[in-house]
Structures are given as C-alpha cells and as structure tokens.
Amino acid sequence: MNATNTTSVRGDTEARRRGILDAAAAILDVGGYAALTIRSVAKEAGMSPGLIYQYFVDKRDIFAALLFESQQELTVFIAELPRDQGISALIAAIVPETTKQWARVGHVASVWRTTEDASNSDGQAVQDLRHSTEAQFAELRTALEDAAGAQGLSLREGPSLIPFVWAGLMGLADTIVNNWAQDLDPTEYITYSADGLARAITH
C-alpha cells in the first residue's frame, strides 16, 4: 500500500471514529445515557451496527471515549492557566471549562459508572480513561500548589484534597448548568465559591 492510500485509510478510520463519537454525544444530549445503544449510535451516524463494533467494544467503551476526550481537554486547559494570581483566581478560572465539560458528558458520568459497572469493562477507551483521570488530577494538584505558593500559602495534606476540590468544581458546574442559583449573579457566585474552596484547602 502506498503512502497516499495509507493516509486515506487512516483518515477514513479517524473520520468514522469521530462520527461515532459525535453521534453518541448528540444522543446523550437528547436522551441521556439510557438512550445510548449501539443501534441508536449506528442510526445517528449513518453506519451499520457491525461497523460500530470495529471501533468500540460496547456503548460503555463509546461513552468512556467521550469522557476521555473531555478530561484531556480539561487537563490541557488547566496546564495553560496562569498561577500568579493566587489559588482563588485559579479555581475561578477553571469553572467555565468544567461547566462546559459537565454540560457535555459529566452530568451522565455517574449514571454510566453506577448502571454499567464501568470498572469491569475491558475496552481500550475505559483503560485510557483511568490513565487520563490520574493525569487530570495530577495537573490539578500541580496548578493548585503553584497558585498557593504564589500567595505564600501551602495546600493542606491528605488524599481527600483533590477529590474535595473536584467535588466542589462539579457542584459549581451542576448549579450553573441547571440554573439552581438563578437569583444570583453567576460571576459573584463563582468568586464566592472559589474563595471558599481556596480557604478550605490552604494554610
């Protein structure tokens, strides 16, 4: 096979995989995780179910791939944020991106993990997701440490710190996406919450 044909095959493969993921995202937006099936994805993508299985083990694998993409984007976003304005400013700067990711796939991740026992899936996307979660949390910790240091502060020690911050960020995202605090100015709410998180994790 010549180089042109190799490039074409690779391009077709990437385009089909992208089409599957885009179709799955569209289904999730409308019907949630319960509506996500191999048949529904195939129909939305204009492909046969058999073709879907050439790229993904099952629907868990498809959803894991979407989460993986989301986590990679967020990890890069956090890595590029300035740290010199302090920890509260850093947390506030992360919120818009976590809110975007939560609106796309995060709000159904808990359903996926609970109903599908995702930890037992052997798909490559699920394995990749485990590694990307570790990388995302490591980048978040580094960013928080740098931002705290810029203020002459240090982070509280303990394994609960990053899960605590992450839970706070997800709670903020959920509140914003669902407009639970509709009587509050979003910017003021984010600033208030970021200040609270910053105080809770530093000394």
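We did not get these values from a lab; they are worked out from the coordinates using the rules stated. Only a predicted model underlies this, so the values are computations on that prediction, with no experimental measurement involved. As a convention, Cβ positions derive from the backbone with ideal geometry for all residues, glycine included, and neighbour counts pool all protein chains shown.
Below is a table of values for the structure above.
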| item | result |
| --- | --- |
| Within a Gaussian network of the chain (alpha carbon springs, distance under 10 Å), most fluctuating of Gly31, Gly19, Gly158 | Gly158 |
| In the range 118-203, chymotrypsin sites (Phe, Trp or Tyr not before Pro) in a DSSP loop with at most 16 other beta-carbon atoms within 10 Å | Trp180 |
| Area projected by the alpha carbon convex hull of the range 130-176, averaged over all directions, nm² | 3.9 nm² |
| Max mean-square fluctuation residue, GNM over the chain, Cα-Cα springs under 10 Å, options Glu145, Glu14, Glu73 | Glu14 |
| For the chain: Kirkwood Rh in Å [reciprocal of mean 1/r, alpha carbons] | 18.6 Å |
| Furthest towards positive pole of dipole, Ala45, Leu21, Phe68, structure part the chain, Cβ charges | Ala45 |
